[in-house]
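Just below is one structure, and these are the notes that go with it.
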Amino acid sequence: MNPPGAQAEAQTTNTGTEISAEVLATLAEIGEEVNSSLDLDEVLARSAALIKRHIDYEIFGVLLIEGDGAFLRHRFAIGYSPELAANLRIPLRQGITGTAAATGHSVRVSDTTKDPRYINAIDSVRSELAVPLMLRGKCIGVLDIQSRHLDYFTRDQQNILTLLASRLAVAIENARLFEKVRTQADTLLLLSEVGRETGSILEVEELLRRAAEQTKRVIDYQILSIMLYDEEQKVFRHRVDVKHGHRVQGKLRVAVSEGIVGAAATLKEPVLVPDVSADPRYLMANPETKSELAIPMMHKGKVIGVLDLESPQLNYFTDDHVQTLSILAANLAVSLENARLYEQLAKEEARLERDLQAAKRIQGALLRPVPTEDYRLDMAARYLSAREVCGDLYEFLRYGPQQLGIALGDVSGKGTAAALYGAVAIGIMRSLAPQKLQPAEMLRQMNQLVGERRIEGRFMTACFATWQRNRQKLRVANAGQSQPLLYKDGRCGKIELTGFPLGIFEDVTYDEWGVTLEPGNILVFHSDGLAESSNNEGQFFGSTRLQNLVEKHHESSATELADAILREVDWFTQSAPLSDDRTLVIVKVR
């Protein structure tokens, strides 16, 4: 019989989407504890119940860091004796929980009897999972669950508990603040609302404007400045300045070490000045200012800006203001970084889109149109790209008025890299064209030249044929490409030719097959993106359907046949987005 943990793992595996939805719902519920309860014990009790929905633990504990960061102590426990829970002190870096707290990483132990770090507080415990409660990069405690079964906890449960711990850490910290200062309950609730609102804004200027408005809800300031750090100029630039409720034009920039703002940035901590006239660091910008509070906005240990407030009253700002605005500044810093990254990403995406469109035009120019010369062939070529640019290619090499080379290739992978690789292959083919190589020799030399430019993880398949008009002779060789189809004598079948793809092995030779064609005979080159297109039931279109289509439309022109094949594949896949490039070259003897 599997232990309860194994059953939970199976549920996670079999219903991953449902579990994920439940985890998100649990995260939301834990977040709501901050708003619905001012009692830390109640928050922890409810969190323990919520966690038990997903992990059927036997022993549960939340240990918080105390003693100026020297040890962990239980704040909430299930499965411990009251005396043990009250008296147990675990120094940081000792035990499973002390290790998790010191490293900031979760620790999962399958057999505690074999782990020298384990502190034997309960003899029957055999497995343990400890997850640090991280808040702004700092560990405030550890969420610890234990079981009497060996190898009880799974990696999925570890991931779930890590997600829950990140939200629980916020809940714990907020609840501790409520315990210390009950009168700050409304303010902290407001901070949560402000954080959610600012966190949803992804445009920097709009975010800064809303931040100024929301700060007013938290503290009734008279003068506010939001300055962001300019990495290139090494200065803080004023982005928002509000004076007595009105937007004003403030100083354009502030040096890193200048004034109260510079002090907050240098110290990486809030600077509270009750009387600016008594502080030599103060630089007068507003004559009416009597007190000032500067809060650095930190992200991953780095100052990205400063939230600065000024008042015409002495001793206006309090420690409560420092605490509240520090939380707001931390949330604002994350929102600002998200907005900056979003704007940067939007610019990069716009640039990439322009580059891809240019690459698409260039690739279109590289792919030669169907020859208009009279080779006694009716020809059509089509390609559909799964991305902006195509990893498939086709080519027509004019060997003279009587002979034509026809190629179709497919580069491993998709997108820009595949398209560049394909462009190199086209260049190689064109450089070999003056030699008027027959198919097997063309593929042999291409393999050699592609191998000289070998790129790890990249190769290409290709099929090459030559057509001699005067003799109506077709020669074909294949280098790992989908086997071409030949309609002849009233039926369509594969040309059974195989070979190694280009660019993998050196000194490869290829087989060559020849046939004399008659009017009405049809040759179809196609990439695997056609035959391997699948429908909602996971069925492939397959080469048999392609052969049937060729037989059904054998009297149609090459253009009509190509369009019919693409339409049929699109219908089969119910117009689903392409998962692979689709390329087709049809040659019909006139």
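The values are calculated or read from the model by the stated rules, or taken from the named source; none is laboratory data. Note that the coordinates shown come from a computational prediction; the quantities given were computed from them, not determined experimentally. Glycine gets a Cβ as well: all are built from the backbone with ideal geometry, and neighbour counts include every protein chain shown.
Could you list, in sequence order, all residues of segment 448-461 that are touching a residue at least 24 places away in the same chain (Cβ under 8 Å), surrounded by fewer than 20 Cβ atoms within 10 Å (Cβ to Cβ) and among the hydrophobic types (A, V, I, L, M, F, W, C)?
Scanning segment 448-461 gives a single hit, ILE455.
Look through LEU328, LEU307 and report the one residue that is in the same structural domain as LEU208 (by TED's automatic domain parsing) and outside any helix (DSSP H, G or I).
LEU307
Based on this model, can you work out whether SER127 counts as in contact with a His (Cβ under 7 Å, 6 or more places away or on another chain), within 20 Å of ALA48 (Cβ to Cβ) and not assigned by TED's automatic domain parsing to the domain that holds LYS302?
yes
Within segment 52-62, identify whether any single residue is in a helix (DSSP H, G or I), in the same structural domain as GLU173 (by TED's automatic domain parsing), under 18 Å from LEU161 (Cα atoms) and in contact with a strand residue (DSSP E or B) (Cβ under 9 Å, 6 or more places away or on another chain), and answer yes or no.
Looking through segment 52-62, at least one residue is in a helix (DSSP H, G or I), in the same structural domain as GLU173 (by TED's automatic domain parsing), under 18 Å from LEU161 (Cα atoms) and in contact with a strand residue (DSSP E or B) (Cβ under 9 Å, 6 or more places away or on another chain).
Looking only at segment 120-166, count how many residues are among the hydrophobic types (A, V, I, L, M, F, W, C) and farther than 25 Å from ALA45 by Cβ.
The qualifying residues number 1.
Filter segment 419-447 for residues that are out of contact with any Leu (no Cβ under 9 Å at 6 or more places or on another chain) and in contact (Cβ under 8 Å) with a residue 40 or more places away in the chain; which is nearest to ASP392 (Cα to Cα)?
Only one residue tops the list, namely PRO439.
Would you check which residues across segment 404-459 are among the hydroxyl-bearing types (Ser, Thr, Tyr) and in a helix (DSSP H, G or I) and list them?
To start, the set of residues in segment 404-459 that are among the hydroxyl-bearing types (Ser, Thr, Tyr) comprises 412, 416, 421, 431.
Once the filter is applied, which keeps residues that are among the hydroxyl-bearing types (Ser, Thr, Tyr) and in a helix (DSSP H, G or I), segment 404-459 yields THR416, TYR421, SER431.
Restricting to segment 347-376, and then to whatever is part of a helix (DSSP H, G or I) and of a type in the set (A, V, I, L, M, F, W, C), can you tell me which residue is modelled with the highest pLDDT?
It comes out as ALA350.
Mind listing whichever residues of segment 474-518 are within 45 Å of the chain's Cα centre (by Cα) and of a type in the set (Ser, Thr, Tyr)?
Once the filter is applied, which keeps residues that are within 45 Å of the chain's Cα centre (by Cα) and of a type in the set (Ser, Thr, Tyr), segment 474-518 yields SER482, THR498, THR509, TYR510.
Quick test of your reading of the structure: GLU512 fulfils all but one of (1) of a type in the set (Asp, Glu); (2) over 30 Å from GLN402 (Cβ atoms); (3) touching a Pro at 6+ places or on another chain (Cβ under 6 Å). Name the failing condition by number.
(2)
Kindly evaluate GLU349 against the criterion of being closer than 22 Å to TYR229 by Cα, of a type in the set (Asp, Glu) and not assigned by TED's automatic domain parsing to the domain that holds GLY137.
No, not satisfied.
Would segment 504-514 turn up any residue that is closer than 30 Å to ARG387 by Cα, in contact with a Cys (Cβ under 6 Å, 6 or more places away or on another chain), assigned by TED's automatic domain parsing to the domain that holds ALA418 and at pLDDT below 95?
no
It is to be established whether one or more residues within segment 417-434 are under 17 Å from GLY499 (Cβ atoms), buried (at least 18 other Cβ atoms within 10 Å of the Cβ), over 37 Å from the mean Cα position of the chain (by Cα) and not β-branched (Val, Ile, Thr).
Yes, that holds for at least one residue.
Which numbered condition trips up TYR487, out of (1) in a loop (DSSP other than H, G, I, E, B); (2) touching a residue at least 40 places away in the same chain (Cβ under 8 Å)?
Checking TYR487 against (1) in a loop (DSSP other than H, G, I, E, B); (2) touching a residue at least 40 places away in the same chain (Cβ under 8 Å), the one that fails is (1).
Name every residue in segment 320-349 that is of a type in the set (D, E, K, R) and farther than 12 Å from GLU203 by Cβ, in order of residue number.
Within segment 320-349, ASP320, GLU337, LYS347, GLU348, GLU349 qualify.
Among the residues of segment 509-560, how many are within 30 Å of ASN470 (Cβ to Cβ) and not in a strand (DSSP E or B)?
The first filter runs over segment 509-560 and keeps only residues within 30 Å of ASN470 (Cβ to Cβ), leaving 509-526, 547, 550-551, 553-560.
Subset that is not in a strand (DSSP E or B): 509-511, 517-521, 547, 550-551, 553-560.
Residues that pass the stated criteria total 19.
Picking from GLU568, GLU518, GLU555, which residue would you name as being at negative phi and buried (at least 17 other Cβ atoms within 10 Å of the Cβ)?
GLU568
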